[in-house]
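Below: the structure, in structure tokens.
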């Protein structure tokens, strides 16, 4: 083998090492992540577990969450070892699970973990793939553009001592209930808990809070949305997410701000979020 052939072979090996498979729910945020990644890696694929609907875009494959043999065969077909779990994946109906030869090895663990919550579903998928020889990657290690970075500052327009009190109470509340895999978000105003995120998600929580504030005739601009990851939650699965809809609904709920952890909060369309914060004088706190 000559030097040119050697370099070419080394490049092919490096390329295979860098190939990425995103596994999870296909939605606007994850579609944007997938689009960005395809510019960097030759064999980026997306294994969509959120719907049985076939997506026609190249290298997107829709499978059931329990079809591990098919998932692993796809990863091998594209010479992929690195996997990143992103997007929402709901727990499947256990009565609909069809056992394949990979799933059979983990069925007792699956039966236990699926009952605990959607977060455990992602963690279990990741555990099985790691046991089968694949490498887990965080989104941040693949594409840091979807996060606030060290140079990003807090955005404080309407500083209020109550904000810090509400943030502290919200963090304490979410940490206490995180063991139940219930929520990543809560709204606290002047020490009162106006809402805790349930299965409906953050946007619906904010709409609910807006409705309650209207009923209670709370016309002053006050309250903080606190959104953080659960205690002991892996940074490789189910990170908190904020996007333009989060900002819009926080404004509609007449809140004073949003509090997040810079290190692991995924930010969808950061430039638009910053613009909306400025236009609406909405505080952004980094916990």
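With part of a helix (DSSP H, G or I) and modelled with pLDDT of 90 or more as the only criterion, which of 80, 72, 23 stands out?
After ruling out the rest, the residue left standing is 72.
Could you please find all residues in the stretch 144-182 being in contact with a strand residue (DSSP E or B) (Cβ under 9 Å, 6 or more places away or on another chain) and assigned to a loop (DSSP other than H, G, I, E, B)?
Within the stretch 144-182, 147, 148, 152, 153, 154, 156, 157, 158, 159, 160, 182 qualify.
To keep it simple, each residue is scored yes or no on (1) part of a helix (DSSP H, G or I); (2) crowded, with 19+ Cβ neighbours inside 10 Å; (3) not assigned by TED's automatic domain parsing to the domain that holds residue 217.
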{"position": "239", "(1), (2), (3)": "no, yes, no"}
{"position": "245", "(1), (2), (3)": "yes, no, no"}
{"position": "249", "(1), (2), (3)": "yes, yes, no"}
{"position": "254", "(1), (2), (3)": "no, no, no"}
{"position": "258", "(1), (2), (3)": "no, yes, no"}
{"position": "263", "(1), (2), (3)": "no, no, no"}
{"position": "271", "(1), (2), (3)": "yes, no, no"}
{"position": "275", "(1), (2), (3)": "yes, no, no"}
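Is it fair to say residue 224 is surrounded by 14 or more Cβ atoms within 10 Å (Cβ to Cβ), within 19 Å of residue 287 (Cβ to Cβ), under 21 Å from the mean Cα position of the chain (by Cα) and without any contact (Cβ under 8 Å) to a residue 40 or more places away in the chain?
Taking the combined requirement at face value, the residue does not satisfy it.
Can you name every residue in the stretch 130-153 that is closer than 30 Å to residue 255 by Cβ and exposed (fewer than 14 other Cβ atoms within 10 Å of the Cβ)?
Listed by number, the residues that qualify are 144, 145, 149, 150, 151, 153.
Which of the residues spanning the stretch 183-201 are in a loop (DSSP other than H, G, I, E, B) and under 23 Å from residue 243 (Cα atoms)?
Passing the criteria: 183, 184, 197, 198, 199, 200, 201.
Yes or no: residue 205 touching a strand residue (DSSP E or B) at 6+ places or on another chain (Cβ under 7 Å), part of a helix (DSSP H, G or I) and closer than 17 Å to residue 257 by Cβ?
yes
Taking residue 204 and the conditions (1) within 22 Å of residue 245 (Cα to Cα); (2) within 18 Å of the chain's Cα centre (by Cα); (3) in contact (Cβ under 8 Å) with a residue 24 or more places away in the chain, which numbered condition does it fall short on, given that it satisfies the others?
(3)
Determine whether the stretch 1-17 contains at least one residue that is part of a loop (DSSP other than H, G, I, E, B), touching a helix residue (DSSP H, G or I) at 6+ places or on another chain (Cβ under 9 Å) and modelled with pLDDT of 50 or more.
Among the residues of the stretch 1-17, not one is part of a loop (DSSP other than H, G, I, E, B), touching a helix residue (DSSP H, G or I) at 6+ places or on another chain (Cβ under 9 Å) and modelled with pLDDT of 50 or more, which makes the answer no.
The values are calculated or read from the model by the stated rules, or taken from the named source; none is laboratory data. All figures in this text were calculated on a predicted structure; none of them were measured in a lab. A quick note on method: Cβ atoms are made from the backbone with ideal geometry, for glycine too, and the neighbour counts reach across all protein chains shown.
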